[in-house]
Amino acid sequence: MADKRLLNDEEVRYILRNSFLVEEEIRQWYDTFQVDCPDGRLDKQKLIEMHKKFYKRGSPEDFCELLFKLIDKDGNGTIEFMEYLVAFAIMTSSDPNERLKWAFKLFDLNRNNFIEKSEMVNVVKALYEMIGRECSFDFEDETETDFESGVKSAFDRLDINHDGHISEEEFIEVCKKVPGLAKVLRIG
Ligand SMILES: [Ca+2]
Ligand SMILES: [Ca+2]
Ligand SMILES: [Ca+2]
């Protein structure tokens, strides 16, 4: 087995700045990460394989592509432990605002700080391909089984001021008020 690389102080500081974890948790996570990724980094194929273990009937390729882009903050084509842990800490945060802000970024594919309808279509499609099930949009007050009308309905609910795109504020406000929507979008 290769020598275990230790986290340096700069890496620990980066994670402390960008997450709510304490140093001991960071070091524990690092040990776990190294079991899966002994060279300290995660490539796209590995991320897909990890998701395949979990979603046995689905095709997680497209979703992992989106996820990978978001986690690989410096865009160098691999997910380093720091990037992985910061993403993981946010996704599992007990603060719903943090989780929703993260989900918003996942949907905002062109990073212009708004979610357009085409972005929502692409992300929701990738999500449902990954879980390998037919789409069913089960809002509290109605159920849509048709993909197009389901996405349209979700989009219209989120676009509070009807200006054709969803801001981060709209996204967070509506997802908190309508838990069914967050579930539909698989972020609840
Ligand atoms: Ca990277
Ligand atoms: Ca956008
Ligand atoms: Ca809007």
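The values are calculated or read from the model by the stated rules, or taken from the named source; none is laboratory data. Fair warning: this is a prediction, and the values are worked out from it, not measured in the lab. Cβ placement follows ideal geometry from the backbone for every residue including glycine, while neighbour counts extend to all protein chains displayed.
Some points to look at:
- Every residue from the range 70-99 that is among the acidic types (Asp, Glu) and farther than 19 Å from Asp36 by Cβ: Asp74, Asp95, Glu98
- Within the range 153-172, the set of residues being away from ligand 2 (no atom under 16 Å from the Cβ) and either in contact with a strand residue (DSSP E or B) (Cβ under 8 Å, 6 or more places away or on another chain) or outside any loop (DSSP other than H, G, I, E, B) (or both) comprises Ser153, Asp156, Arg157.
- Scanning the range 87-145 for residues that are touching a strand residue (DSSP E or B) at 6+ places or on another chain (Cβ under 6 Å) and part of a strand (DSSP E or B) yields a total of 3.
- Hits in the range 115-152 (condition: among the acidic types (Asp, Glu) and within 16 Å of ligand 2 (Cβ to nearest atom)): Glu116, Glu119
- Selection status of Glu116, within 16 Å of ligand 3 (Cβ to nearest atom), in contact with a Gly (Cβ under 8 Å, 6 or more places away or on another chain) and outside the structural domain of Gln34 (by the TED database): yes
- Selection status of Leu70, within 16 Å of ligand 2 (Cβ to nearest atom), assigned to a helix (DSSP H, G or I) and in contact (Cβ under 8 Å) with a residue 60 or more places away in the chain: no
- Residue check for Ser153: farther than 22 Å from Lys44 by Cα and away from ligand 1 (no atom under 16 Å from the Cβ): yes
- For the range 96-106, the condition holds for at least one residue, the condition being that it is more than 16 Å from ligand 1 (Cβ to nearest atom), over 23 Å from Lys46 (Cα atoms) and more than 13 Å from the chain's Cα centre (by Cα).
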